[in-house]
Every structure is written in structure tokens, then in C-alpha cells.
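The block underneath contains the structure these notes are about, expressed in C-alpha cells.
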Amino acid sequence: MKTTKSILLFIALINVLSTQLQAQKKKDKTTKAEPVKITSPVYEKYIEDNEEAHLKEFLELISIPSISSIPAHKPDVERAADWIVTKLKAIGIPIAQLIPTEGQPIVFGSWDKAPGKPTVLIYAHYDVQPVKESEWLIPPFEPLVKDGKIFGRGASDDKSGVMISIWAVEAMLKTTGKLPVNVKFVFEGEEENGSPNFKSFAESHIELLKADFALNADGGQYDENTPEILMSLRGTAVMEFSIKTADIDGHSGQFGGKTPNSAVIMSQIISSFYTKEGNVAVEGFYDRVLPATAQEKEMMKKVPYNKANDMKILGTSAEAGDTTYSSLERIWYRPTLEIIGLQSGYTATEGHSNIIPGSAMARITCRLVSNQNPGEIQELIEKHINKNLPSGAAVSYKYGRGKGGASPMKFPADTKEYKYVTDVLTKIYGKQPLQMGTGGSIGSLVSIKNILGIYCYSLGMELSDENWHASNEFFRLSSMRKGQLIYCNYFEHLAEEEEKMKK
């Protein structure tokens, strides 16, 4: 019944797409954004002529709940991967296949019919975050097009990156029958779960992935009229710890006042993680942290950051953290220790249980900066917890992906790879991209650099207000078209510039 309902809803959505697209086109004519043009009008016409068909495809892919961190969704992740392989074959990619890993499969595609031309590796991920359906205005995997936006889990992060890069290649192949460069796609199915198998995959397939340039389609714009290019990523260290004080929960009247309370002990330990200034109090946590360079501080000054915008997105009323550092510096170049989940006692929506909890659990994510080691940070946190554990309580630790995590990374601005991306963004937007850091992590980009020896520069269309990882995620219809034009332009520009260097 639920499947039938979803199918009927999907069909209904498709029937209204034409009307919505026409309305959006009329609305686009009044926007202040500069018109986006490229040197080959034939590509632009193909993109416009196929806008409706592409949107239908996008809705299909978004409707697949490819949640990589929940084992029950493994068939859905595989179904999404199969869908992408089918799409790659349909546009004329001769090599399109699934490559198994210890976890979710990698989608690999290759078009190599431009001998003597450079090869571009395009990275993106097709897996998505879990959802809290009660917080969504629509079912998260029954996507809806409304007011020029596509609502659904993964619409922005990062199925947009997957499809925009594919559609751009499609536009070139379907109009001219060829590409100006060779292209390889590598789409990951576990990025939202920490990329636990990407490194071993890359190490086992170095020749297959060999390329001259790399692009990260899981990137963004500063705003609809301003491009950005990513210059730094923070790393991650994740862990979970549990406190046990009893085999069962106790009656609060019979045992309260004489029995250790796991929830209270957990709260005390968590409180000990922080100073009143908002810094991390774990001994040694900052020992390896390098301060932001003079160049990075100048870069931050050029970003028109308004903390009120971030607070508006989340619905918060204040900032937190050590005000010795600016907001951007705290996000980009300072490490964090965040509690991302808590569980203890009776927490059902209704009812009240008078108990002394016998167990409690907390989940931690640390965002790390250059020179910090994820495994070392996890050990420092363990040591801190053990030191603050009172008598009558036992602690255990869990590492869902094993010890360690993603390392931080920085991107240089003095390479030709950086210049090519910057050239194209400047041409499309009419202004140079802002150099940006990010507080997030993409561990696979570190592996691409360390194993393949190439920097994977960002070239994506996500916007920070599109509710990544949150309820009611969405992606803008206008970004679909713009993103394809950017990729087409990049392929042409890269081929032209590399050809000049041969002469």
C-alpha cells in the first residue's frame, strides 16, 4: 500500500513539472543574477531542451533512500548505485560499472576517447544522511518541486553533484559526440558514513583512477551570484562511550540517594570536556594545532560573513565558542569536540518513569585541523574520561569505523589546477571566487591526494541554506542549469589551456 501510494504521488508530481518549470523560467527573468553563457550555444540549447527530462531523472534518484549508515538501507544504496550506472551507459559512457568494497559499492565510469588530452577525475557521493521524518514537511524520499526548489533528502548533498556532472557530459556527447578531455567518474556510497573503505579502494585501483586533474562535485557557491573555491577541510574523529552503573534501572524512591546515576555521571563527564570560555578541556587536545597563517587571515577578511545569516538558517539566537577567534577562524581553523547524541533513562514522547538510569551513552564528533591526528585525539578523550570516571561506574568505548578518522587537508592556490577552476568560475559569475575554508570533512579527497597525487578542487552548486543533513533539504532549480554550463565550460577551457602549453 505504501509503495503504491509513493508511486501515485511520484506520477502526480511528474504531471505538474512542466507547469512549475515554466513558472520558474518566468521568475528567473526577473532575478538579479547575471545571465550564464558559455562559448558553445549548442550545449546550452541541449541543457534547456532537456530540463524537464533531467528533473524527472533527478526526482527518481532522490526518491531512493540511499542511507549508508543504516544497514537496513544497504539494498537501497545498491539500487541508487545501479540507477547511476544505467544512466552513465545511457549517455554513452563506454565503461560504467559497480566496484564492490567491504561496505557500499563505488560507481565508476570512464570516457577515454580523447587520446593525447588530459583526464579529469570527478568525485561525488550518492549516499545520504538519515532522516527524522516527523520534522519534514513532506516525506523525505517523495521529492517535491515547489517555488523553484526541489525538496528531498540528498537533493543538495550530494545527488546534485552526481547528476550535474553527468548531465554536463551528456550535453557534450549528445550534441557533438565527443568530449574535449577524457573523463572518469568515481561516485562513493559511504561518504556520509565517514568513507571507511574509499582509501583501500583507491589503493587497489590506482591505475583505474589515474588522472591529470580532479574535481569535487560535492562543493558549493557562496551565494547565487558569488562563486567560491574550497581551500581547506577539517578532519574528523568519531567515537561513542557508554557509562554503566547497574544491570537494570532502579526505582528512584527505593534506590535514589544511594545508587550511582549513570545519566548524572555522563553529564558530569561531558561538562568536564569544556572550559567556561568554550574551549576543549581535554589535556593535549590543542598541542598539535597550528595557528591560521597570515595568508589565511587575509583570506577570511575578504569573506563577507554575517553571523546573523547562520543563526537565521538554524533558528538560533547566539554564537558559542572562544571569542578570541573570529567566527570563520573557529569554523575553519580551530578544532571542536561536539556531543552529537545522548541516550539514557526513559525518553519516550509520553509518560514519566521514576528511575535511576543504570546506563547512559554519548556520541562524539571532533572536527580537527591541520597537523592533528584523529587516532591520537580519540586516545586523549579516552584518557580524559577514564580520569574523570567515579567509583561505581564502568565505561566502554565503540568505534563504528575502527579507530582513526579523516585527516584535515589544505589546497594550494598557486597551481594550474586551481587557476583553471578559478578562470571558469570568474567567467561564469563575472567575479573571482571567494577563497573559503569549511568546517566539514571529505575524507576521500585526502585519499585522492595521498594515493593518486592530485588535488581535488571543489566545483559544486550547493548553497549553505539548503538544509544539508537537516529536515526539509532542498536544491535550487536554477543551480541545475548553471552547474552544467560551468562543467561544460571547464572541460573546454582545460583542453584549450593544456593544448597551449604543448606549443
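In the range 264-275, the residues that are within 14 Å of Ala394 (Cα to Cα) form Cβ pairs under 6 Å with partners that are part of a helix (DSSP H, G or I), at six or more places apart or across chains, as follows: Ile269/Ile385.
Scanning the range 431-449 for residues that are part of a loop (DSSP other than H, G, I, E, B), at pLDDT 95 or above and surrounded by fewer than 18 Cβ atoms within 10 Å (Cβ to Cβ) yields Lys431, Gln432. When we screen Glu283, Glu240 for residues that are in contact with a Lys or Arg (Cβ under 6 Å, 6 or more places away or on another chain) and not aliphatic (A, V, I, L, M), the only hit is Glu240. Under the condition of being touching a Ser or Thr at 6+ places or on another chain (Cβ under 9 Å), in a loop (DSSP other than H, G, I, E, B) and not polar (S, T, N, Q), the residues counted in the range 99-134 number 8. Residue count for the range 450-484 satisfying the condition of being under 11 Å from Ala155 (Cα atoms), of a type in the set (A, V, I, L, M, F, W, C) and part of a strand (DSSP E or B): 2.
So, in the range 137-195, of the ones that are within 18 Å of the chain's Cα centre (by Cα) and among the basic types (Lys, Arg), which residue ends up surrounded by the fewest Cβ atoms within 10 Å (Cβ to Cβ)? Residue satisfying both the conditions and the ranking: Lys159. Among the residues of the range 307-323, just one is basic (Lys, Arg) and within 25 Å of Ser370 (Cα to Cα), namely Lys307.
For the range 134-158, the tally of residues that are closer than 19 Å to Met480 by Cβ, aliphatic (A, V, I, L, M) and either out of contact with any strand residue (DSSP E or B) (no Cβ under 6 Å at 6 or more places or on another chain) or not assigned by TED's automatic domain parsing to the domain that holds Ser479 (or both) stands at 1. Given the condition closer than 19 Å to Ala90 by Cβ and assigned to a helix (DSSP H, G or I), answer yes or no: does some residue in the range 181-202 qualify? The answer is no; no qualifying residue exists. Among residues of the range 362-391 that are within 18 Å of Leu342 (Cβ to Cβ), those with a Cβ under 6 angstrom from a residue that is polar (S, T, N, Q) and in a helix (DSSP H, G or I), sequence gap 6+ or separate chain, pair up as Asn388/Ser272. Of all positions in the range 208-231, at least one carries a residue that is modelled with pLDDT of 95 or more, in the same structural domain as Ile99 (by TED's automatic domain parsing) and assigned to a helix (DSSP H, G or I). Can you find, within the range 271-292, the residue that is modelled with the lowest pLDDT among those that are surrounded by 11 or more Cβ atoms within 10 Å (Cβ to Cβ) and over 18 Å from Gly235 (Cβ atoms)? Per the criteria, the residue is Gly278.
Here Lys244 does not fit the description of being touching a residue at least 60 places away in the same chain (Cβ under 8 Å), basic (Lys, Arg) and either closer than 26 Å to Cys488 by Cα or assigned by TED's automatic domain parsing to the domain that holds Glu498 (or both). Within the range 30-58, the only residue that satisfies the criterion of being modelled with pLDDT of 95 or more and outside any helix (DSSP H, G or I) is Asn50. Screening the range 293-306 for residues that are surrounded by 13 or more Cβ atoms within 10 Å (Cβ to Cβ) and of a type outside the set (Phe, Trp, Tyr) and picking the one that is farthest from Ser370 (Cα to Cα) gives Val303.
Taking the numbered list (1) within 26 Å of Met436 (Cα to Cα); (2) of a type in the set (S, T, N, Q); (3) touching a Ser or Thr at 6+ places or on another chain (Cβ under 7 Å) in turn, Asn225 passes all entries but (3).
Scanning the range 155-180 for residues being within 30 Å of Asp465 (Cβ to Cβ) and part of a loop (DSSP other than H, G, I, E, B) gives a total of 4.
For the range 68-88, a residue qualifies if it is β-branched (Val, Ile, Thr), within 19 Å of Asp157 (Cβ to Cβ) and either part of a helix (DSSP H, G or I) or modelled with pLDDT under 95 (or both), and the qualifying residues are Val77, Ile84. Among the residues that make up the range 351-362, is at least one of them touching a Cys at 6+ places or on another chain (Cβ under 8 Å) and either crowded, with 20+ Cβ neighbours inside 10 Å or within 18 Å of Gly235 (Cβ to Cβ) (or both)? No, the range 351-362 contains no residue that is touching a Cys at 6+ places or on another chain (Cβ under 8 Å) and either crowded, with 20+ Cβ neighbours inside 10 Å or within 18 Å of Gly235 (Cβ to Cβ) (or both). Number of residues in the range 103-127 that are more than 14 Å from Glu78 (Cβ to Cβ) and either touching a residue at least 12 places away in the same chain (Cβ under 8 Å) or touching a Cys at 6+ places or on another chain (Cβ under 9 Å) (or both): the value is 16.
The values are calculated or read from the model by the stated rules, or taken from the named source; none is laboratory data. Keep in mind that this is a model prediction, so the values were computed, not measured. Neighbour counts are summed over all protein chains in view; Cβ atoms, including those assigned to glycine, are modelled from backbone coordinates with ideal geometry.
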